[in-house]
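Working notes for the structure below.
The values are calculated or read from the model by the stated rules, or taken from the named source; none is laboratory data. Computed from a predicted model, the values in this text were never measured in an experiment. Positions of Cβ are generated from backbone atoms using ideal geometry, with glycine treated the same way; all protein chains shown enter the neighbour counts. Side chains included, ligands, DNA and RNA excluded: accessible areas come from the protein's heavy atoms. Shrake-Rupley method; radii C 1.70, N 1.55, O 1.52, S 1.80 Å.
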Amino acid sequence: WEEHGRSRGDTLQGVMACDKLQIQVCDGVQPGEKIMLLDGFLNAETAFRFADLVRQQQPATLVMDMSLVPSIDSSGLGVLIGIYVSFEKSARRLFLVGVNDRILEVFRTCKVDDVFTRCPTVADAEQALATPPAEASVPSA
């Protein structure tokens, strides 16, 4: 967790262990911000339990660290799009962090590569949150 910008003193708000996906949730730097560290596969076996956890959290801003997610399938993509739509409808912010080339290729193939706000690191996402929207320039991962 320390390698992802969090110290041992950070409060772990929730952990979900699925067969192939572990999720750690902690408070971010900004008020109303949650950071989710996903570790494993976002697929048909894990996607819907993951979506339930996101719905339970209801953060104003969610920074989803996907740097430990090797791949997603259509169920995982569908859940990500559903989360995005829910956040947009309720004027909340969603950042995807550390998305690898394999997942980006799924986004491109499905023509959703420009839908999500992506950042290389959690620190970059938090910097974008701290910058007023007119000045924010979020680097793509």
Inside region 1-43, the number of residues satisfying the requirement of being at pLDDT 50 or above, outside any strand (DSSP E or B) and over 20 Å from ARG93 (Cβ atoms) is 4
Among (1) among the β-branched types (Val, Ile, Thr); (2) open to solvent by 10 Å² or more (accessible area, probe 1.4 Å); (3) within 11 Å of the chain's Cα centre (by Cα), VAL29 falls short only on (3)
How many residues of region 44-67 are within 14 Å of SER90 (Cα to Cα), surrounded by fewer than 22 Cβ atoms within 10 Å (Cβ to Cβ) and among the aliphatic types (A, V, I, L, M)? The answer is 1
Residues of region 70-80 being open to solvent by less than 60 Å² (accessible area, probe 1.4 Å) and either closer than 15 Å to ASP114 by Cα or in a helix (DSSP H, G or I) (or both), in sequence order, are SER75, GLY76, LEU77, GLY78, VAL79, LEU80
Residue under question is PHE87, and the condition is that it be part of a helix (DSSP H, G or I), under 17 Å from LEU129 (Cβ atoms) and either in contact (Cβ under 8 Å) with a residue 24 or more places away in the chain or open to solvent by less than 40 Å² (accessible area, probe 1.4 Å) (or both); does it hold? yes
Restricted to region 90-114 and to residues being among the β-branched types (Val, Ile, Thr) and in a helix (DSSP H, G or I), the residue surrounded by the fewest Cβ atoms within 10 Å (Cβ to Cβ) is THR109
Residue pairs qualifying under the 6 Å Cβ cut-off, at least six apart or on distinct chains, with the first in region 19-33 being over 18 Å from GLN58 (Cβ atoms) and the second being of a type outside the set (A, V, I, L, M) and surrounded by 20 or more Cβ atoms within 10 Å (Cβ to Cβ), are LYS20/THR46; LEU21/THR46; VAL29/GLU126
